[in-house]
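Worksheet: one structure, shown below.
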Amino acid sequence: MSVTQATASVGWLLRVNRRHGAQGLLRTGYEFAGAFRRQTGRSLAPSHVTRWETGALLPGRHTIRRYEQLLDLPPESLVTISDAVLRVASPTPVRRSSDTRATDDRTMHRLHELLEQATEPGAMTGLAWSELTELVEGSPHLVLHPPRLWGAIAEQLLGELVVAENTAWLQRQEAMSRLLEHSSAGRYATEVCIALADDVDSPVVVEPLSLLEITDHPAANSYVLRQLQHPASDRAHYGALLATVRKAAHGHFCEDDWPHLVACLRQTMTDPDVPQPLRPLVLQVAAALARTVPGAAAVLGNQRPAGVGLTRHHSTESAVIQTVSNRIAAAAQRELSDETGAMDVTLVRLVKESLYHSNPDHRLVAALLISATPYREPVARALQAEVTAHLTRRSDADHTVALQAMTLLGVDLHRQLVQDILLGTGFSVALRHAAAWAVPHCAGQYTEPQWRRILARQVDAWTREPSDLTEGILQGVTYGIGTDGHQRLLAEIQVSLRMPASARRTASWLLRTPRPDR
């Protein structure tokens, strides 16, 4: 995604929320400009609204916050996703106008207040983390005494991030990214990410590892390279590959690292035992290295990254991919609008990217963009219908990404589908694994009795056929129990000798990790 395309996506985000939100009261630029004038006392030309919403002009954070206020949306719900979109698109931070700059006594006092409470468990909301890190971002030379306070703040933030859900999660994800980019805080934030990725009790490895893509700090580079050469697990390998896509494209590694990186990737590309889910990322890294490192293309070959999604062999089935994307987008558009108009091409593109883009970061951002609009439930329903149809036909489609996309849409519509997969019979181990890991961070909640039934069924399956996948299912189920807040059940898992050690460690870690605002 280019910066131009990202700016257009932010404009689409504002336009869709204006036209389909606020009970349809601000459907035209003229109506919105009038509401803006009544609220602020300042005039706004309708043509300015058009320039923001078509991507001709990138709106500042203060403008997007005004949209949130006028459309009666949750604070920061549009600002946070627009920041995430621009972060994925740009190799360097996109500096944007903001309401918060630590330049006067009032804002400095607020900064000190937030810094003081940032190390206290449960004291910070997602809004507070956003405000604090925007102030830090606006003060690039800010120094704390003692400097290790940065580490305590980053540790608290990351601990909340990995158990948060929906907007609360995205606010902390962006806040952590701002710390990693900061000249003083970046070193300590990097150390915290590495420590969590190395924690054998933690169920989260991919998130702290992939966050290291943000920074070119030498410690981040060497750790990612080490996990590529000698991964601690398949999930650590996945996280390292995900970080390397961006780090390689943006030249983060030092001169001595590049030959080791190319050699390591060449070995990975020729290893028949590399799990299938990692292969698209391997090719993404290869493509980035081929563009960055002289001679790398000759060593790695010219293999094209494959897509992922609701069909197999999709790299040669672009027509099928387009058809599925059109069908989902059209169904959502019909449900949301009573108008008969042209297809929303941006919605089609975002559906397509959320399901078929070979880079998980792009899939993530595309799904989150949809989730921040009134399209989220219609798209979720259309996507669930596609998955259900595939399951009914017992097709060999890959449902992992589709389940992940529904989780990211911020609705709980697919919880029943996930429960049916985890309690039903005849589903593959791979599908049950995807379902188990589609529940943590998912909107909604299972009751304790529902979780007990799921847990009992998957414990029996692991006992009958112990494997890395069936053990991973139990770890994912335990993680979901934790993010749903069932402490009593976690305490039972922690001491149960029927559970694998990895699940018991995960339960122990979750019990000592406080859950932030939901």
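Descriptive notes on the structure:
- The value of relative contact order for the chain, using C-alpha pairs under 8 Å at least six residues apart, is 12 percent.
- Computed on the range 177-251, with alpha-carbon pairs under 8 angstrom and 6+ residues apart, the relative contact order is 29 percent.
- Taking the 1.4 Å solvent-accessible surface of the chain as the whole, the part contributed by carbon and sulfur is 52%.
- Electrostatic bookkeeping for LEU423 treats Lys and Arg as +1 and Asp and Glu as -1; over the other residues with beta carbon under 13 Å from its beta carbon, the sum is +3.
- Farthest towards the positive end of the charge dipole of the chain, among the residues GLN333, MET406, GLY251, is the Cα of GLN333, using unit charges on the Cβ of Lys, Arg, Asp and Glu.
- Convex hull of Cα atoms in the range 362-422, direction-averaged projection (nm²): 4.0 nm²
- Point-charge dipole on Cβ atoms (K/R +1, D/E -1) for the chain, about Cα centre, debye to 20: 1040 debye
- Per-residue surface analysis assigns VAL293 an accessible area of about 20 Å², computed on protein heavy atoms at 1.4 Å probe radius.
- Only helices enter this figure: runs of n ≥ 4 DSSP H residues, each worth -39500 (n - 2.57), summed and divided by the residues of the chain, yield -20500 deg cm²/dmol at 222 nm to the nearest 500.
- With all protein chains kept in place, the per residue accessible area of the chain amounts to 43 square angstrom at a probe of 1.4 angstrom.
- Out of every Cα-Cα pair that the range 442-510 contains, those further apart than 15 angstrom amount to 45 percent.
- Each other residue within a Cβ distance under 11 Å of LYS247 adds +1 if Lys or Arg and -1 if Asp or Glu, for a net charge of -2.
- Local electrostatic count, GLU207, Cβ distance below 11 Å [Lys/Arg +1, Asp/Glu -1]: +2
- Alpha carbon convex hull of the range 155-295, projected area averaged over orientations, nm²: 8.5 nm²
- By the Kirkwood approach, averaging reciprocal distances over each pair of separate Cα atoms, the chain gets a hydrodynamic radius of 24.0 Å.
The values are calculated or read from the model by the stated rules, or taken from the named source; none is laboratory data. It should be emphasised that the depicted structure is a prediction, and the values quoted were computed from it without experimental measurement. Reconstructed Cβ throughout: ideal geometry from the backbone, glycine too, with neighbour counts over all protein chains shown. The accessibility values were calculated without ligands, DNA or RNA, using every heavy atom of the protein model including side chains. Shrake-Rupley method; radii C 1.70, N 1.55, O 1.52, S 1.80 Å.
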